[in-house]
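Take a look at the structure below.
The values are calculated or read from the model by the stated rules, or taken from the named source; none is laboratory data. For clarity, every value in this text was computed on a predicted model and none was experimentally measured. FYI the Cβ positions are ideal-geometry reconstructions off the backbone, even for glycines, and counts take in every protein chain you see.
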């Protein structure tokens, strides 16, 4: 294991950071506050079949357990190809041993000519394919263990999925309880599943006459690790070890060994149940009497000797946690709207709030698929950190945003090493990493730059939350090291007396040649934002403005414009005919940024042209909220709604609230987080925006927006 929650907090000092609340916007009538419980429960997901795209999840931000319609991971093979059922955590990682004769430091960088000097990037696999792939795949996130039912018919045969009768499952969002009901040969089964909010523990209560007959048992199984989507390899039992130690009549501990990595699972149960080993890594819990079986299962990086919270305590703790979550922070009610899209937008809002609280509010930045299953080997992408987490601030849940920020202080030395190796000052932040902070090789990732100003944006959010010297001191090194890189990365073009960005670089859209890409609109605006805010931080600390940063700010190339429209990058006249696919990043200066160097009228025209010409079937989930924010900020709220709810393949939200992208990527948390950021901006506005209520929603009489506790965006 790489790092525990306690170790992470101890290393980064993020625990105990108390920040004062910043002003929030309330649009509701004082006499009629939003009935939050009714509003949330209105959108409780209900599942009545075994649709492989309908699994539901319980979790606490550090651990997630995804179940089928039985309430456990009983028919996992049915879901495996489309939406795997996994148990995953932020501390659960595995590293495959390096093949003999290879060392990380032997990796060869490809040199790119950068205004007369060679700069090395980890983009070349040729001749070092084994090491290249190992670095991408390691470390990878683990499936910590499957908890499912072992169901048998009265004749002793194993029950199949089609034998399950009348399934009905409800996820009660208000209490965090997954309630599952079904029957087998006419005999009812009632299952309650929840996750403890403070410890990584799953609690299960089963009530059925099948418990006493032995037709319903609980199976606990452990796989070999895999970096693939399923997180699990069930075909190589000799590649890992499980040692079971009984610790009393109703408790057992399973010590897991996977190469050099270790973790522990502790199981406790109620009543007269018996635990037996079925195979090398499979264990069956069966009750010998009674119609109820209760169990709790704790997953931990180290063995635990203390007694576990019981099922009733866990249910109570979960209910308290989720009730507090929904009662505090921001809320929106669209129920009085007559626009036919309002109900679906509200469903997406509620389920996105739940899913991001589980998957994007932990001690590490979220992976694209959170703690569901592996995408990109379970690693997280720092350019996506904004889309996963910034919305928490607007919805007045700042502590959930703050949890993962300590990563930047921890990996700062690695980011500084990268900048030095490439001949730059400051810190160059990585793209695709695990908890060790090492960037992953890729033909694309190492050449991306749009994540570089992110930490400055986060620092500014922290300062807005608590504008005092403590915040300035905590973040000043991150802000200044980021700005140093921004200033030194910009190259001076003496012929035109200006600073330029690239080449080489990969733009946000990732679809153009890095050897010719120069001055993309998104990155130019974000460079201005980063350097401007960094200078403000120097002034707040009583320091003079940094002359080098000023020079870059004053001479940085303007955003590329042609015929009154922004271009994706300088010289790309065919932006709207040839390069109109992937991310429409030219909307980003107003889409997630506050618009440094951008003109509202030009951006408004650009947004209209993008709507008409973009190939939306080849866009991604966060592109739609980004475009909506750009339309709202540039003064076109009708277009904002059009973008946000566009009927497009990757703007689809499943019954469980996840943003479907394609086979192999059925969930995409940047879409959920982006939607929440966009809705908050549309309802509460933005810094220096219009003072009207709900400035991002059309004033056409069809949208009745009631909002509580939202904060304007930057």
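One residue is enough: does segment 460-474 have a residue meeting the conditions crowded, with 22+ Cβ neighbours inside 10 Å and either out of contact with any helix residue (DSSP H, G or I) (no Cβ under 7 Å at 6 or more places or on another chain) or on the phi > 0 side of the Ramachandran plot (or both)? No; the residues of segment 460-474 include none that is crowded, with 22+ Cβ neighbours inside 10 Å and either out of contact with any helix residue (DSSP H, G or I) (no Cβ under 7 Å at 6 or more places or on another chain) or on the phi > 0 side of the Ramachandran plot (or both).
Residue 500 falls short on exactly one of the conditions (1) closer than 20 Å to residue 530 by Cα; (2) buried (at least 22 other Cβ atoms within 10 Å of the Cβ); (3) in contact with a strand residue (DSSP E or B) (Cβ under 9 Å, 6 or more places away or on another chain), and that condition is (2).
With respect to the stated conditions, residue 307 fails to be assigned to a strand (DSSP E or B) and touching a strand residue (DSSP E or B) at 6+ places or on another chain (Cβ under 8 Å).
Exactly one residue out of 484, 539 is under 31 Å from the mean Cα position of the chain (by Cα), more than 24 Å from residue 629 (Cβ to Cβ) and modelled with pLDDT of 95 or more: that is 484. In segment 1-104, counting only helices (runs of 4 or more DSSP H) that sit wholly within it, the ones holding 3 or more residues that are modelled with pLDDT under 50 span 5-12. In the set 131, 135, only one residue is touching a helix residue (DSSP H, G or I) at 6+ places or on another chain (Cβ under 8 Å), free of Cβ contacts under 8 Å to residues at least 40 places away in the same chain, outside any strand (DSSP E or B) and closer than 30 Å to residue 103 by Cα; that residue is 131. Exactly one residue out of 345, 353 is touching a residue at least 24 places away in the same chain (Cβ under 8 Å), assigned to a helix (DSSP H, G or I) and buried (at least 23 other Cβ atoms within 10 Å of the Cβ), and it is 353.
Of the set (1) touching a residue at least 60 places away in the same chain (Cβ under 8 Å); (2) surrounded by fewer than 19 Cβ atoms within 10 Å (Cβ to Cβ); (3) not in a loop (DSSP other than H, G, I, E, B), all apply to residue 332 but (2). Every test in (1) assigned to a loop (DSSP other than H, G, I, E, B); (2) touching a helix residue (DSSP H, G or I) at 6+ places or on another chain (Cβ under 7 Å); (3) closer than 23 Å to residue 711 by Cα is passed by residue 388 save one, and that test is (1). Taking the stated definitions as given, is residue 323 touching a residue at least 60 places away in the same chain (Cβ under 8 Å), surrounded by fewer than 18 Cβ atoms within 10 Å (Cβ to Cβ) and closer than 21 Å to residue 61 by Cα? Yes. Restricting attention to segment 173-185, the residues being touching a strand residue (DSSP E or B) at 6+ places or on another chain (Cβ under 7 Å) and either more than 16 Å from residue 202 (Cα to Cα) or in a helix (DSSP H, G or I) (or both) number 4.
Listed by position, the helices (runs of 4 or more DSSP H) contained in segment 598-679 that have at least 2 residues being touching a strand residue (DSSP E or B) at 6+ places or on another chain (Cβ under 9 Å) and within 20 Å of residue 582 (Cα to Cα) are 600-613. Within segment 451-459, one or more residues are in a loop (DSSP other than H, G, I, E, B) and farther than 18 Å from residue 375 by Cβ.
The set of residues in segment 138-164 being closer than 22 Å to residue 240 by Cβ and either touching a helix residue (DSSP H, G or I) at 6+ places or on another chain (Cβ under 9 Å) or exposed (fewer than 15 other Cβ atoms within 10 Å of the Cβ) (or both) consists of 138, 139, 140, 141, 142, 146, 148. Among the residues making up segment 260-276, those that are surrounded by 13 or more Cβ atoms within 10 Å (Cβ to Cβ) and within 18 Å of residue 238 (Cβ to Cβ) are 261, 262.
Conditions tested, residue by residue: (1) buried (at least 19 other Cβ atoms within 10 Å of the Cβ); (2) assigned to a helix (DSSP H, G or I); (3) under 15 Å from the mean Cα position of the chain (by Cα); (4) free of Cβ contacts under 8 Å to residues at least 24 places away in the same chain.
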| position | (1), (2), (3), (4) |
| --- | --- |
| 384 | yes, yes, yes, no |
| 401 | yes, yes, yes, no |
| 404 | yes, no, yes, no |
| 411 | yes, yes, no, no |
| 429 | yes, no, no, no |
| 436 | no, no, no, no |
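Within segment 226-242, no residue that is at positive phi and surrounded by fewer than 23 Cβ atoms within 10 Å (Cβ to Cβ) sits with its Cβ atom under 9 Å from a residue that is at pLDDT below 95 and assigned to a helix (DSSP H, G or I) at 6+ positions apart or across chains.
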